[in-house]
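Notes to accompany the following structure.
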């Protein structure tokens, strides 16, 4: 079958169609580019011509303050990255645990199941900032630790608690979306429930919900900035200090930019991954 | 029958990656024809059907529906697809809609009939296949055969010029095949049909043309008797022999 592919040359009609489609594509791209430019210019002109623009520009986009704030804010941002890394691992563990417990059947597991349900209900309902306050100021108040535990540790814990609840629910949805016949087939091979879940069901579940998981990850990545309310010197807190020193808001813009720069590659990766999944699902039955 | 062909294809080619699935296929379907596409798995039957109604974009060749070249990139593919009816192997009924909604969807959206009229027509169609009483249930409550007959009715509800059937009995339990084929047999009297099928006996009874595909080409074509009873080509003979033995 493949031998005919090599010596086939497209007919003139096909070449004509390709030329036409290419022209159409080019036209769409040009129109898109043009309308983007027009919109951007209109927006820019609109903002620049507002009466207060000069003042805003000076207090939010001051190059000198930007440069001066950079070392401190960047150092703070490293703390954000650290917290993010630890929290991501913690969330993965807590989320998987909760999802697994919530799918356990049988009356023996009722207390565990109830606990997991109560946990997800509570922490999906509580605003993150309140969890931060409760964990960050409440737990140290118990005074069971000797010495001072840094604020970022409590911040990380609060993030794990909140996002673990979300991710647990997402994973549970994924597990339930894997067709029951997969579990049956795995059990029929003699795998225990736990191993069937781990080897057969969970990998498929994670694949199904990976766009949602990545979404949660991106969301957590910027919520990491909230640990500043506990006094941890992260990028946001550093920017706050710099702002107070310079009487200028530019450090906040700098911190915001750092978070955006961190998020963009991940957002693109998520889009790419979702598109790939979609393609793979659609090519299942071409023949 | 007189008049120009309803559907005509010339030199159709389609590859997926470096795998050539259609290597130049010609086809001519007259009004009222029932064309049976037979051939081994992977011979390109389904791909051919999908190319015909532009669910897949052919790599080369032309297709005319009536006298319109539907491979012209200026053609409105959605409008053209509405002129075909398609029934898939896996039914593909919409699980979130009732049986009646499945049947009336195209009537309301494509033919723009008011709901009351569409439902009246839909119920009449369902009555014809004995499912009017199940109209307000969801498809998962029906047997495979009932689902597939609903899918057929959904396809003809839009009054297509050509009905494409893609191995519509392959996913059914053997005892449910009969009722589906019976419905197709009824439709065959009044409808132009192109069907990919493994039901050779049925093809012999109903088809006006049989095309044997192998390796992306039409190896042999003719009346059912010519192709299925006394084939000239060695590959057709081999296929039929293997098929009958299995």
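Where a number appears in this text, it was derived from the coordinates with a stated rule and is not lab data. Model, not experiment: these values are computed from the prediction. Note that we place each Cβ from the backbone using ideal geometry, even for glycine, and neighbour counts take in every protein chain shown.
Suppose R0 equals 41 Å; then what is the FRET efficiency for residue B:26 and residue A:181 from their Cβ-Cβ distance, rounded to the nearest 0.05?
Values: r = 42 Å, r/R0 = 1.03.
Working from the Cβ atoms, E equals 0.45.
Between segment B:168-246 and segment A:46-83, how many Å separate their Cα centres?
About 73 Å separates the Cα centre of segment B:168-246 from the one of segment A:46-83.
What angle do you read, to the nearest 10 degrees and between 0 and 90, between the alpha-carbon axis of helix B:99-109 and the longest principal axis of chain B?
80
Relative to the first principal axis of the alpha-carbon coordinates of chain B, what is the inclination of helix B:115-128, with its axis defined by its Cα atoms, in degrees from 0 to 90 and to the nearest 10?
Tilt relative to chain B: about 60 degrees.
Sort B:17-23, A:46-52, B:151-157, B:229-235 for me by packing, meaning the mean count of neighbouring Cβ atoms within 10 Å per residue, highest on top. All intermediate terms of the calculation are to be shown ahead of the outcome.
On the way: B:17-23: 18.1, A:46-52: 8.9, B:151-157: 22.9, B:229-235: 13.0.
Highest to lowest by the protection proxy: B:151-157, B:17-23, B:229-235, A:46-52.
Distance in nm between label sites at residue A:105 and residue A:45, each 7 Å beyond Cα in the beta-carbon direction?
6.7
Helix B:234-245 against the longest principal axis of chain B: what's the angle in degrees, Cα atoms only, rounded to the nearest 10?
So the inclination is approximately 50 degrees.
Based on the Cβ-Cβ distance from residue A:13 to residue A:143, what FRET efficiency comes out when R0 is 60 Å, to the nearest 0.05? Provide the component values of the computation, followed by the final result.
Details: r = 83 Å, r/R0 = 1.38.
Efficiency, rounded to the nearest 0.05: 0.10.
Quick check: from the Cα gyration tensor, does segment A:61-280 come out rounded (a/c under 1.5), prolate or oblate? Can you show the working numbers first?
Values: a/c = 3.38, a/b = 1.68, b/c = 2.01.
In terms of gyration-tensor shape, oblate.
Over the Cα atoms of chain B, what radius of gyration and what Dmax do you get, in Å?
18.0, 56
Averaged across the residues of B:37-46, what count of C-beta atoms belonging to other chains lies within 10 Å of each residue's C-beta?
Values: counts 0, 0, 0, 0, 1, 2, 2, 2, 1, 3.
Counting other chains' Cβ atoms within 10 Å and averaging over B:37-46 gives 1.
Mind running the shape call on the protein assembly as shown? Use the C-alpha gyration tensor, a ≥ b ≥ c as the square roots of the eigenvalues: rounded below 1.5 for a/c, prolate if a/b tops b/c, oblate otherwise.
Since a/c reaches 1.5 and a/b is larger than b/c, the shape of the protein assembly as shown is classed as prolate.
Post the alpha-carbon centroid distance, segment B:73-104 to segment A:93-116, in whole angstrom.
The two parts, judged by their Cα centres, are 42 Å apart.
Across the residues of A:172-181, average count of Cβ atoms on other protein chains within 10 Å? The partial results should precede the final answer.
Details: counts 0, 0, 0, 0, 0, 0, 0, 0, 0, 0.
Taking all residues of A:172-181 together, the mean is 0.
What number, rounded to the nearest 500 deg cm²/dmol, is the helix-based mean residue ellipticity at 222 nm of chain A, given -39500 (n - 2.57) per DSSP H run of at least four residues and division by all its residues?
Numbers: 12 runs with 219 residues, N = 287.
For chain A, the value works out to -26000 deg cm²/dmol.
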